[in-house]
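So the structure is just underneath, and the comments pick up after that.
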Amino acid sequence: MSSDTAFLTLMLDAPMQSWGFSSRFQRRTTGLHPTKSGIVGMICAAMGLAKGSDRERTVLEELSRLRMTTIVIPRQRRNHWTREVVDLPVLRLEDYHTVQGTRKASDPTGAKADPEATVLTHRQYLLDAKFGVLLKGDHALLHRVAENLGNPIWGIWLGRKNCIPAAPILVGCFDTDTAEEAWKVFLEILKLDYRPLKEFTRIEHVETFDAGNDTWSDGVPESFGNMRPWPIRRINQAVAEM
């Protein structure tokens, strides 16, 4: 085992989650999996990093090197009559939303809002979604992140600010080289029956183009104060093997 490598494990559990993926203007969609930019943004909030600050840029450069795997953990329900346990499907909810008092075009600072202006937006959320997250990277960095997630400076949420976690996010930080070992300890801590990673649908961040089967534009920006253009990352979408 390499002493400078670790896995940080997280549990994302909430009544609603929303991970912006291809949102534009008034239509704010959500992806079906957590985005790397969303997870890193949550970490930055826990660390109290001001957007656009020199410290934020330095830490974001470090966090961009992390390799992330997200795992779909199905919610289950027992049928009242048959007693059969079934997985609940993840649903999308679209909220019809109005925003008043947008800034005047003549005032780009937004100091003078126009109370007559109303913008209609459509915002999507995931319902009945639960995810495990494995972040692989530098031992010292991940242990520092774990401390902040256990005692965050600013509030943390699962995508949007109204998606408040239903349980503590941090599961643990483990000094291991393999995702399977980290996953096994993750399940033990949460008192869940062990099943190997291959039995779960997951998104894996890969290092070479040939190792992946899709490319997402949800990488870590240089600063959350200036997020365009979004960096891309190569991923492998793996379906559960039963």
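The values are calculated or read from the model by the stated rules, or taken from the named source; none is laboratory data. Note that the structure is a prediction, hence the values are computed from the model and not measured. Using ideal geometry, Cβ is built from the backbone for each residue, glycine included, and neighbour counts are taken over all protein chains shown.
What pairs come up if the first residue lies in region 70-83 and is of a type in the set (S, T, N, Q), the second is crowded, with 16+ Cβ neighbours inside 10 Å and assigned to a loop (DSSP other than H, G, I, E, B), and their beta carbons are under 7 Å apart, counting only those six or more places apart or on different chains? If the second residue must be crowded, with 16+ Cβ neighbours inside 10 Å and assigned to a loop (DSSP other than H, G, I, E, B), the pairs left are Thr70/His33; Thr70/Pro34. Annotation: Glu147 fulfils all but one of (1) surrounded by fewer than 19 Cβ atoms within 10 Å (Cβ to Cβ); (2) under 22 Å from Ala14 (Cα atoms); (3) in contact (Cβ under 8 Å) with a residue 40 or more places away in the chain; the unmet one is (3). Applying the criterion of being outside any helix (DSSP H, G or I) and in contact with a helix residue (DSSP H, G or I) (Cβ under 9 Å, 6 or more places away or on another chain) to the residues of region 36-58, the residue that is surrounded by the most Cβ atoms within 10 Å (Cβ to Cβ) is Leu49.
Does Leu192 satisfy the criteria of being at pLDDT below 90 and among the hydrophobic types (A, V, I, L, M, F, W, C)? Against the criterion (at pLDDT below 90 and among the hydrophobic types (A, V, I, L, M, F, W, C)), Leu192 qualifies. Given the criteria buried (at least 20 other Cβ atoms within 10 Å of the Cβ), farther than 17 Å from Thr70 by Cα, out of contact with any His (no Cβ under 9 Å at 6 or more places or on another chain) and among the hydrophobic types (A, V, I, L, M, F, W, C), does Val171 qualify? No, not satisfied. In region 1-44, of all residues being among the polar types (S, T, N, Q) and within 14 Å of Glu94 (Cα to Cα), the one that is modelled with the lowest pLDDT corresponds to Ser23.
Can you work out which of the residues in region 61-76 that are exposed (fewer than 13 other Cβ atoms within 10 Å of the Cβ) and either among the aliphatic types (A, V, I, L, M) or modelled with pLDDT of 80 or more (or both) is farthest from the chain's Cα centre (by Cα)? Show your work before the answer.
Looking only at region 61-76, we keep the residues that are exposed (fewer than 13 other Cβ atoms within 10 Å of the Cβ), and these are 61, 65, 76.
Keeping just the survivors that are either among the aliphatic types (A, V, I, L, M) or modelled with pLDDT of 80 or more (or both) gives 61, 65.
Working: Glu61: 18, Arg65: 16 Å.
Checked region 61-76; the qualifying residue farthest from the chain's Cα centre (by Cα) is Glu61.
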